[in-house]
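Reading through the structure tokens given below for one structure.
What follows is calculated from the coordinates using simple rules that are stated; it is not laboratory data. Being a predicted model, the structure only gives us computed values, none of them experimental. No Cβ is skipped: glycine too gets one built from the backbone with ideal geometry, and neighbour counts run over all protein chains shown.
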Amino acid sequence: MLPYKRSERVGDLIREEVADIIMYRLKDPRIGFVTVTGVDLSADLKLAKVYVSILKEEERDLTLDILNSSKNFIRSLLTKRLKMKFIPAIEFRIDTSIEYGFKIDKLLKEIKEGDADT
């Protein structure tokens with residue numbers, strides 16, 4: 001038996017393929033440095049929420065709009081690359097976990113500095 005669910009395995013495969021498509025096949029010059037950090041796939045494999053991290057904060061909204069407008073193109077390329085009966089609908093979202101990690105790290109440093117002062 002495999003160690004994790006099919007939706008997780010397919011999600012990992014979709015993450016790799018979408019990252020490759022964005023890097024090499026999407027020819028929009030307005031897209032900056034984008035990292036595909038994860039994919040949450042519904043249990044019925046009908047919807048894939050693709051989480052991306054965008055380097056420059058000022059370009060996030062524009063890049064997310066570009067990605068969402070090109071999701072049909074990306075899905076059509078996934079159809080050719082993946083051997084699946086049904087390719088899930090794609091929805092791009094900003095991954096906030098990295099920012100959350102920086103916030104927690106900053107708070108821990110402030111606590112540590114506060115303890116050193118007393």
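What to note about this one:
- Cα-only radius of gyration and Dmax that characterise the chain, units Å: 17.8, 63
- Net dipole in debye of the chain [+1 Lys, Arg Cβ; -1 Asp, Glu Cβ; about Cα centre; nearest 20]: 980
- Here the contact order of the chain, divided by its residue count and restricted to Cα pairs under 8 Å and six or more residues apart, works out to 25 percent.
- Per-residue ellipticity at 222 nm from helix content only, as computed over the chain with -39500 (n - 2.57) for each DSSP H run of at least four residues, stands at -17000 deg cm²/dmol.
- Where Cα atoms sit under 30 Å apart: lysine pairs in the stretch 6-117 separated by 8 or more or lying on different chains: 26
- In the stretch 6-117, a dipole from Cβ-located charges (positive for Lys and Arg, negative for Asp and Glu) runs towards its positive end, and of Ser97, Val18, Thr37 it is Val18 whose Cα lies farthest in that direction.
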